[in-house]
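The values are calculated or read from the model by the stated rules, or taken from the named source; none is laboratory data. Predicted model, so just to flag it, every value in this text is computed and none were measured. Methodologically, a virtual Cβ is constructed for each residue, glycine included, from the backbone with ideal geometry; neighbour enumeration extends over all protein chains shown. Calculation scope for accessible area: heavy atoms of the full protein, side chains included, ligands and nucleic acids excluded. Shrake-Rupley method; radii C 1.70, N 1.55, O 1.52, S 1.80 Å.
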Amino acid sequence: MLEKAFESTKYKLVFHEDIDAWLKSHIVPILAMNAALFAKGGRLQEIARDKDTRTQIIAAIDEGFSVLEALGYTITPSGQAAFFRNHKRTASLALKIYHSVPVARLVDGSFEEIAAFFEAFADWKRKAGVPTPRFDDLEKQFFGSNKAESR
């Protein structure tokens, strides 16, 4: 039905074989970036200026991907993991630029949404048995933030 709907358009549909791995892979950067945003009271520019926070986000993403891999998931797209693991300086610059532009405000999550993701991820961390000190620290900062101030 989808293919028929798009057959007369210039768009090409691509169906992903493992949407579960794709979704879980996307939760990891969403959690790390949103946790930092709440920890900084919603001040995007503060993250853009704070190299230590950007470094922590990158380390937390790497740890999160390690959890998923320990559970047998393939990080999807694979370039996402390679980018954060092998190009940390470029990733930091990308995060700096991202947090410098107003569009970043349009894609942040609600406190409740991010809290629910953290709850799901906690189960995965327990099952994986992978240490995640930077990820855990961001989680503590997130839950220690005043959600009213962050918005």
Quick one: is Ala60 closer than 23 Å to Gln141 by Cβ and either open to solvent by 10 Å² or more (accessible area, probe 1.4 Å) or under 15 Å from the mean Cα position of the chain (by Cα) (or both)?
yes
Of everything in region 23-40 that's of a type outside the set (A, V, I, L, M) and in a helix (DSSP H, G or I), which residue is most open to solvent (accessible area, probe 1.4 Å)?
His26
Of all residues in region 67-96, which are under 24 Å from Lys40 (Cβ atoms), open to solvent by 70 Å² or more (accessible area, probe 1.4 Å) and touching a residue at least 12 places away in the same chain (Cβ under 8 Å)?
Lys88, Lys96
Would you check if there is a residue in region 10-22 being hydrophobic (A, V, I, L, M, F, W, C), within 16 Å of the chain's Cα centre (by Cα), open to solvent by 50 Å² or more (accessible area, probe 1.4 Å) and modelled with pLDDT of 95 or more?
no
How many of the residues making up region 1-30 are within 16 Å of Leu71 (Cα to Cα) and either in contact with a helix residue (DSSP H, G or I) (Cβ under 6 Å, 6 or more places away or on another chain) or aromatic (Phe, Trp, Tyr) (or both)?
4
Give me a count of the residues in region 97-119 that are part of a helix (DSSP H, G or I), open to solvent by less than 80 Å² (accessible area, probe 1.4 Å) and within 17 Å of Ala60 (Cβ to Cβ).
5
